[in-house]
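Read through the structure below, which is laid out as structure tokens, and then see the notes.
The values are calculated or read from the model by the stated rules, or taken from the named source; none is laboratory data. Only a predicted model underlies this, so the values are computations on that prediction, with no experimental measurement involved. Heads up, the Cβs are rebuilt from the backbone with ideal geometry, glycines too, and the neighbour counts pull from every protein chain shown.
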Amino acid sequence: MKRIFKKKEMGLVILALLLMTVITSVNGSFLSPMNIINILKGNVILAIVSVGMMVVMITGGIDVSVAGIIAATTLVIGNFMVSVTGNPILAYILGIMTGTVLGLLNGLLVAFIQIPPIVATLGTYSVMSGMMLYLTKGAYINNIPQEFIDFGKTTFLNILPDGDGGVIGLPIQLAFLALTIVITWYIMKYTRTGRGIFAIGGNTISAQRIGYNVNRILVFVYGYMGFICGLAAVTHVSIMRQVDPNAFNGYEMKVIAAVILGGVNVMGGEGSILGTLLGVLLFAVINNGLTLMQVSTYWQKIILGAIMVFSICFVVIQKRRASKKHAKVDIA
Amino acid sequence: MDKDTFIKLENISKTFPGVKALDNLQFEVKRGEVHALVGENGAGKSTLIKILAGNLQPDTGAKILIEGEECHTLTPLTSIQKGIIVIYQDFSLFPNLTVAENISISNQLGCKSGQISWKQMKETAKRALDTLGVDIDINATLDTLSTAKQQLVAIARALACDAKLIIMDEPTSTLSKGEVETLFKIIRGLKERGISILFVSHKLEELFEISSIFTVIRDGQYIGTYPLKEMNNDKLISLMVGRKVEFVRQAARNIGETILEVKDLSKAGCFKDVSFSLHRGEILGITGLVGAGRTEVVQAICGIDKADSGDVLIDGKRAIIHSMTDAVKVGIGYVPESRLTEGLILSKSVEENITITILKKLKGKNGLLSLKNKKRQAKDWIEKLNIKPGYPDMTAQKLSGGNQQRIVVAKWLATNPEILIVDEPTNGIDVGAKSEIHTLLRELADKGMGIIMISSELPEVLAISDTILVMRRGKINAVFDGETATQKSIMNAAILSDAGSGIVC
């Protein structure tokens, strides 16, 4: 029991509970089953992408091109579905392939050309979004086939009370989040590559010295981020039933904010899936709560940005203090 | 070949651009011996370690025999698989991972399958720690442990990798006396298990306590291997010093009044009670082993990293220096150790680099930077210091090491300093260029400047210093007159605590 309370994530849980209580007391509809399902459905994409971003940030890197990769992938599968088939399995295969290829490109730039991750991904983001606007001229794709729309409406676990005596189920999209969590958890905890990701984040030179192939791991990490973006893109289309080339503008900020809120160390080496999901939850609750409390979107942006900067400062200062403690050497 | 030999190296050379770090070195370590590797700063010890660890490849013609088998190329992974484990000064551990994982991580890398077994990992860690006879919580995160315990984790990792040769690079430099005792007990235990230890250290007392055999290298060359009973302090020091490079001694012409006085300067963890004075026309050499606190002292004088207590007097007046900008104002110029990282902007032109410290002075009538003045200044210094090739527009990285060093010197001379501090001014440049730098420093001193030169190269210190301070573990251990000091007396003072026979001025 003590162990559970000692964990870093505990602070986040308490914070989230506290916020929920405040919001519920202001607006009672916050905890209604419909609102909860709405929050889940509205943030499932954010959660999926954040889990991928967590992996990237554990290496000490960052990927600001996620919005570009997702938007490009929605465009590819949107066109594919309109012109070929609305089969969800094929859509997922194509989407994941597209995302992975774009992610691998980032990985190659970061690992082999050794461009700082933020610069490399900012560059590819610009290329991707410019290309997309050129190709679409900003137009939506609206005529998504019915087969895919029906798939997006599917629910599972149809036994949950809806509060009015009926039952509701969980949206199918949550299953993809679960899949992301399980795969990522397995990689991070039980594979050599996963532990290598932590090792690189902790001390890249040491990782190299003991024989890790750092470049290969970095390529994998950015490729995996792309893979997850692909998965998220198809899932997103299944919710929105249309493709808006501008839907993800500025999305990378939300993802990074959620991951940082979740306690992932911006300097690398630390982060957990549970923490990240709690970060997303916190982000979602703050957002939803601020909306329910009728705070303007401008203020929402300001508040979220401030929270983000504050939590980074906190981590950095803590690190600096710790390293000062270690630096003492005795003198004869 | 001897059956007891674990590793044998022959014809090991390593050339870096402009410098030959190792020259036809030979070396042999037998099973179950504690072997001391000694040499001055820059003798090539680190290069040798890196080659053994597979992080550097020797030049062609090298022959490496491990347990009688020839290894053509060593990579970090094959080196570990052969049982060679290096424990670097920083331990190469992962602060964010648990003790168990830190110990077993190399093992997991060696496995064929890409899967991690946490159960196996914990067992491996437990076994290794038990073998060492130390009690550390394997579930603790590494950065919660003390330095001494982290070192034990690093040794446990070596054991978990089935180490046959453990190379320890300055293992005692961050340990207290009691912790050193524990470490030595553990090393003796490892020795009994047939594991060889290569012990690299500057602390002679410790080397004599733990090692049974000594190999000395100097200037990248093999000097000899000697058993403990044929070795003593005196002999070891004379083997380490006596480098072949000789420079013409350039003594001071006229030493003037005191310009800088440092009184009881102290900084916790870096240096203690440092006092000395510098005169016009004098070159003050500060030497000692790397890590003795030399650079820290001058950085404190320059205000880069402030001292905790003590005074700096300039021309007899107490100077308050909080930053390099303050230091420039009172007439101090500082040429840092690594000219490439701290002294030069490599991608900028020679002109930009020379004038960067004096841009304020180059204002034209309209208050804006005058490009004409800037070019004139740059050309002036290029001529004065004979920087070649003399094109102000050439990017700094295209120049040779010696000329890059001149640019850095020019940059500080442009600020018109009374006191010039140079840290390892000739590091990494060839002998001819070194002599030229020496002449340049002497000329500057003769014009009335006071110069402090930090250097590890004893021939260089002896060639141009008028007074020599030798630092050891944060304190000034001895002061010598430049005319009468010898390499051996300096080395004695740098290594031994009871040297003290210097001439106090």
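Worth a mention:
- Against the criterion of being touching a residue at least 12 places away in the same chain (Cβ under 8 Å) and either surrounded by 21 or more Cβ atoms within 10 Å (Cβ to Cβ) or in a strand (DSSP E or B) (or both), residue B:290 does not qualify.
- Only one of the listed residues (B:463, B:396) is surrounded by 22 or more Cβ atoms within 10 Å (Cβ to Cβ), in contact (Cβ under 8 Å) with a residue 12 or more places away in the chain and touching a His at 6+ places or on another chain (Cβ under 8 Å). That residue is B:463.
- Residue match in region B:300-321 (condition: under 25 Å from residue B:455 (Cβ atoms) and part of a helix (DSSP H, G or I)): yes
- Residue B:363 meets each of the listed conditions (1) touching a residue at least 40 places away in the same chain (Cβ under 8 Å); (2) closer than 24 Å to residue B:324 by Cα apart from (1).
- Candidate set from region A:268-295 (those that are assigned to a loop (DSSP other than H, G, I, E, B) and modelled with pLDDT of 85 or more); member that is surrounded by the fewest Cβ atoms within 10 Å (Cβ to Cβ): A:272
- Qualifying residue in region A:173-181 (condition: crowded, with 18+ Cβ neighbours inside 10 Å, more than 12 Å from every other protein chain (Cβ to nearest Cβ), touching a Lys or Arg at 6+ places or on another chain (Cβ under 7 Å) and in a helix (DSSP H, G or I)): yes
- Scanning region B:265-314 for residues that are acidic (Asp, Glu) and farther than 18 Å from residue B:468 by Cα returns B:305, B:308, B:311.
- Of all residues in region B:100-109, at least one satisfies being assigned by TED's automatic domain parsing to the domain that holds residue B:198, among the aliphatic types (A, V, I, L, M) and within 19 Å of residue B:182 (Cβ to Cβ).
- Filtering B:193, B:218 for residues that are among the basic types (Lys, Arg), over 30 Å from residue B:23 (Cα atoms) and not assigned by TED's automatic domain parsing to the domain that holds residue B:318 leaves a single hit, B:193.
- The lone criterion from (1) touching a Lys or Arg at 6+ places or on another chain (Cβ under 9 Å); (2) away from every other protein chain (no Cβ under 14 Å) left unmet by residue A:189 is number (2).
- Residue tally, condition more than 8 Å from chain B (Cβ to nearest Cβ) and among the hydrophobic types (A, V, I, L, M, F, W, C), over region A:192-205: 2
- Subset of region B:371-391 (residues that are aliphatic (A, V, I, L, M), surrounded by 13 or more Cβ atoms within 10 Å (Cβ to Cβ) and either without any contact (Cβ under 8 Å) to a residue 24 or more places away in the chain or closer than 13 Å to residue B:403 by Cβ (or both)): B:382, B:385, B:387
- Close pairs (9 angstrom Cβ cut-off, 6 or more residues apart or separate chains): touching a residue at least 60 places away in the same chain (Cβ under 8 Å) and assigned to a helix (DSSP H, G or I) in region A:32-52, crowded, with 24+ Cβ neighbours inside 10 Å and basic (Lys, Arg) anywhere: none
- Residue in region A:119-128 that is outside any helix (DSSP H, G or I), on the phi < 0 side of the Ramachandran plot and out of contact with any His (no Cβ under 9 Å at 6 or more places or on another chain) present: no
- Residue match in region B:44-53 (condition: part of a strand (DSSP E or B) and either buried (at least 22 other Cβ atoms within 10 Å of the Cβ) or at pLDDT 90 or above (or both)): no
- Hits in region B:180-189 (condition: among the hydrophobic types (A, V, I, L, M, F, W, C) and more than 29 Å from the chain's Cα centre (by Cα)): none
- Of all the residues in region B:59-117, those that are within 14 Å of residue B:164 (Cβ to Cβ), more than 8 Å from every other protein chain (Cβ to nearest Cβ), touching a residue at least 40 places away in the same chain (Cβ under 8 Å) and outside any strand (DSSP E or B) number 4.
- Sole exception among (1) touching a Ser or Thr at 6+ places or on another chain (Cβ under 9 Å); (2) closer than 29 Å to residue A:223 by Cβ; (3) not hydroxyl-bearing (Ser, Thr, Tyr) for residue A:90, by number: (1)
- Matching residues, region A:118-148, being polar (S, T, N, Q), more than 25 Å from the chain's Cα centre (by Cα) and surrounded by fewer than 16 Cβ atoms within 10 Å (Cβ to Cβ): A:142, A:143, A:146
- The residues of region A:252-267 that are within 14 Å of chain B (Cβ to nearest Cβ) and either surrounded by fewer than 23 Cβ atoms within 10 Å (Cβ to Cβ) or at pLDDT below 85 (or both), listed by number, are A:263, A:265, A:266, A:267.
- For region A:235-267, the set of residues classified as of a type in the set (A, V, I, L, M), within 29 Å of residue A:148 (Cβ to Cβ) and assigned to a loop (DSSP other than H, G, I, E, B) consists of A:247 only.
- In region B:322-370, the residues that are under 24 Å from residue B:403 (Cα atoms), assigned to a helix (DSSP H, G or I) and among the polar types (S, T, N, Q): B:341, B:353, B:355, B:357
- From the options A:212, A:298, residue that is within 14 Å of chain B (Cβ to nearest Cβ) and modelled with pLDDT under 90: A:212
- Positions within region B:266-275 being modelled with pLDDT of 90 or more and either in a helix (DSSP H, G or I) or at positive phi (or both), in sequence order: B:273
- Answer residue from region B:360-370, given it is loosely packed, with under 12 Cβ neighbours inside 10 Å and either under 38 Å from the mean Cα position of the chain (by Cα) or polar (S, T, N, Q) (or both) and is nearest to residue B:334 (Cα to Cα) among those: B:360
- Some residue of region B:244-265 being within 14 Å of another protein chain (Cβ to nearest Cβ) and at pLDDT 80 or above: yes
- Any hit, region B:167-176, residues being under 28 Å from residue B:43 (Cβ atoms), within 14 Å of chain A (Cβ to nearest Cβ) and at pLDDT 90 or above: yes
- Selection within region B:251-267 - in contact (Cβ under 8 Å) with a residue 24 or more places away in the chain and exposed (fewer than 14 other Cβ atoms within 10 Å of the Cβ): B:251, B:253, B:254, B:256, B:264
- Within region B:432-479, being more than 22 Å from the chain's Cα centre (by Cα) and hydrophobic (A, V, I, L, M, F, W, C) holds for B:440, B:441, B:444, B:445, B:449.
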